[in-house]
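Taking it in order: structure first as structure tokens, then the write-up.
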There are 2 protein chains.
Amino acid sequence: MTAISAENPPKSKQKSVRGRPRDTSKNKAIIHSASRLFLEKGFDGTSMDDIAKRAGVSKQTVYSHFACKEVLCSEAISLAVKRYSPDTALENMEEHSLEADLRAVCDKFARLLLGDDSVAMANLLVTSAPKGSEFAKIYWNAGPQAMHGKLKDFLQHWIDQGALSIDDTSKAADLLATLLKGKVHFLRSIGLMDTISEEQIQENVEDTVTIFLKLYGAKI
Amino acid sequence: MTAISAENPPKSKQKSVRGRPRDTSKNKAIIHSASRLFLEKGFDGTSMDDIAKRAGVSKQTVYSHFACKEVLCSEAISLAVKRYSPDTALENMEEHSLEADLRAVCDKFARLLLGDDSVAMANLLVTSAPKGSEFAKIYWNAGPQAMHGKLKDFLQHWIDQGALSIDDTSKAADLLATLLKGKVHFLRSIGLMDTISEEQIQENVEDTVTIFLKLYGAKI
DNA sequence: GGTTATCTGGACTCATAAGTCTAGTAATTG
DNA sequence: CAATTACTAGACTTATGAGTCCAGATAACC
């Protein structure tokens with residue numbers, strides 16, 4: 001038995017490892033297929049055999065890289081969250097006007113929040129919530145919490161400009177996310193809305209912008 | 001094999017049934033224990049043996065009353081929805097003022113929406129969504145859709161009074177529900193908030209009332 | 001080449017759970 | 001009473017899936 005952790009020991013050159021080295025490409029293949037399968041079919045709905053098969057790898061190899069299903073799932077969640085929360089969310093803002101920028105931000109986040117992967121992720125967390133909310137914490141911190149921070153920064157910018165009048169920035173950012181989800185996210189979660197239309201997204205964005213500006217737009 | 005349906009045939013006296021009659025109390029016991037277990041542990045997490053045991057009934061009896069697990073679950077969901085959506089939601093309104101009544105309504109619905117049973121129901125639907133969104137439809141029509149109607153009636157009353165200025169009543173009712181859920185419902189769903197405090201409910205209600213009145217309160 | 005460790009493929013154990021079957025018992029009608 | 005249907009208790013079948021084990025192949029190091 002050797003260490004099972006996927007991470008290498010300290011960056012010093014680990015030349016003196018005797019046998020055949022781990023195939024890191026297989027490691028990635030496993031996490032990737034796990035990530036797709038867990039999102040598609042949930043924790044219970046995904047078998048380790050399926051993961052191995054989809055990764056083009058033997059089952060034993062899966063277990064030699066990851067101690068158990070739970071560990072693999074948490075790594076898969078980490079990957080998925082990173083994969084689908086773009087760091088470039090609030091960059092190349094064109095600084096037109098509050099309303100234009102707000103609409104752009106809302107549009108970006110609406111697509112993120114209402115998209116297939118976001119809904120699948122939420123459902124995965126629900127189905128595996130009893131087994132340990134560790135998954136949920138990983139997700140929450142890297143996903144929604146990160147987004148929350150970006151939204152606060154965005155709002156603060158326009159508060160400083162005098163275009164927004166907000167007491168509690170944190171609460172306002174929460175409201176923005178809540179409004180963008182609307183009832184659509186829930187409907188998708190419970191399987192009553194298979195696909196989301198472009199119009200539906202646009203409508204959510206427009207409603208959100210309208211409401212938000214009405215609430216917090218500074219009356220000049 | 002006799003009919004498996006739990007409902008009696010047309011109310012005509014069905015005297016001429018030969019053998020031992022179904023024990024309706026057992027039927028109820030089964031649905032009730034199923035309802036509790038499905039909400040507690042989800043569809044996959046609940047076994048037919050558990051249900052039988054908790055109902056104090058043999059497994060065969062369960063199968064003689066309900067064709068399969070799916071059927072039993074849908075009946076259990078119907079029961080749970082009826083059980084937890086009070087028909088007396090908007091009665092004995094005291095007609096004080098818009099704000100007081102709105103607060104009362106929000107308080108009532110917030111407790112409903114954020115309570116253990118509501119969250120458990122949502123999670124049950126998520127976990128069994130792949131298996132057939134029939135469950136979700138049953139729930140949606142008897143639960144949120146019914147509530148939506150009541151909210152619209154409530155809003156319409158105050159529109160007629162001239163105290164609210166709303167174009168799209170339906171959308172406003174949706175907004176109310178969305179605001180009341182806030183992020184709390186989601187947090188509870190994914191297991192990051194085990195219990196909900198009285199303060200949390202109050203805060204959601206107050207925020208919702210404030211926002212809603214700011215948006216739709218008629219400027220006299 | 002020898003050693004060590006990984007990878008493969010498949011057989012294997014073990015547990016859980018849906019649904020069936022059976023033999024016996026209880027309740028109701030005729 | 002006999003016939004009929006419901007209920008019980010438990011054994012049973014079947015399927016699924018997590019995790020293990022093993023024999024042989026492969027890839028690195030010395």
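Throughout, read-outs are computed from the coordinates displayed, never taken from laboratory work. Computed from a predicted structure; not experimentally measured. Cβ coordinates were reconstructed from backbone atoms using ideal geometry, including for glycine residues, and neighbour counts include every protein chain displayed.
Before moving on, here are some points about what is shown:
- 3J(HN,Hα) couplings calculated from phi for the stretch B:212-219 with the Karplus curve 6.51 cos²θ - 1.76 cosθ + 1.60 (θ = phi - 60°) are, in sequence order, 4, 5, 5, 7, 10, x, 5, 7 Hz; Gly and Pro show x.
- Nearest-first distances (nm) between copies at A:LEU192, label 7 Å from Cα via Cβ: 2.4
- Filtered chymotrypsin sites (Phe, Trp or Tyr not before Pro), the stretch A:125-176: DSSP coil and at most 14 other beta carbons within 10 Å: none
- Of A:ASP167, A:ASP153, A:ASP101, the one that fluctuates the most in a GNM where chain A has Cα springs shorter than 10 Å: A:ASP167
- In Hz, Karplus ³J(HN,Hα) per residue of the stretch B:179-193 (6.51, -1.76, 1.60; θ = phi - 60°; x = Gly, Pro): 5, 5, 5, x, 9, 4, 4, 5, 4, 5, 4, 8, x, 9, 9
- Across identical copies of the chain, A:GLU203 has label-point separations of 3.2 nm, listed in ascending order, with the point defined 7 angstrom from Cα along Cα→Cβ.
- Counting only residues at least eight positions apart within a chain, or on another chain, the aspartates and glutamates with an alpha carbon under 14 Å from that of A:LYS59 are A:ASP49, A:ASP50.
- With K and R counted +1 and D and E -1, the other residues having a Cβ less than 12 Å from that of A:THR210 yield a net charge of -3.
- With the helix formula -39500 (n - 2.57) applied to DSSP H stretches of n ≥ 4, chain B reaches a computed 222 nm mean residue ellipticity of -21000 deg cm²/dmol.
- Here the 3J(HN,Hα) profile of the stretch B:133-141, calculated from phi with Karplus coefficients 6.51, -1.76 and 1.60 at θ = phi - 60°, is 7, 4, 3, 4, 5, 3, 4, 4, 5 Hz, Gly and Pro shown as x.
- Pairs of Lys in the stretch A:85-216 closer than 27 Å at Cα, counting only those 8 or more apart or on different chains: 26
- Put simply, the amide H of A:LEU164, placed in the peptide plane, has neighbours under 5 Å in A:ILE159, A:ALA218, leaving out anything fewer than 5 places away on its chain.
- Nm distances between copies for B:GLY19, ranked from closest, using label points 7 Å along Cα→Cβ: 6.2
- Most fluctuating residue given options A:GLY42, A:GLY143, A:GLY162, as computed from a GNM of chain A linking Cα atoms under 10 Å: A:GLY162
- 0 to 90° range, to nearest 10: angle between helix B:24-45 axis and chain B longest Cα axis: 60 degrees
- Each Lys and Arg adds +1 at its Cβ and each Asp and Glu adds -1 at its Cβ; summed about the Cα centre, the protein assembly as shown shows a dipole of about 2720 debye.
- Net charge of Cβ neighbours under 13 Å - reference A:GLU198; Lys, Arg +1; Asp, Glu -1: -3
- GNM result for chain A, Cα springs below 10 Å: residue of A:ALA76, A:ALA55, A:ALA110 fluctuating most strongly: A:ALA55
- A run of chain A free of exposed loop cleavage sites, with GluC sites (Glu not before Pro) counted only in DSSP states other than H, G, I, E and B and at most 10 other beta carbons within 10 Å, reaches its longest extent at A:96-220.
- Chain A: relative contact order in percent, alpha carbon pairs under 8 Å with at least 6 residues between: 21 percent
- For A:HIS185, net neighbour charge (Lys/Arg +1, Asp/Glu -1) across residues whose Cβ lies under 13 Å away: +3
- Qualifying chymotrypsin sites (Phe, Trp or Tyr not before Pro) in the stretch B:180-220, where qualification requires a DSSP coil assignment and no more than 13 other C-beta atoms within 10 Å, are lacking entirely.
- Angle between chain B longest axis and helix B:116-127 axis [Cα atoms, degrees, rounded to 10]: 60 degrees
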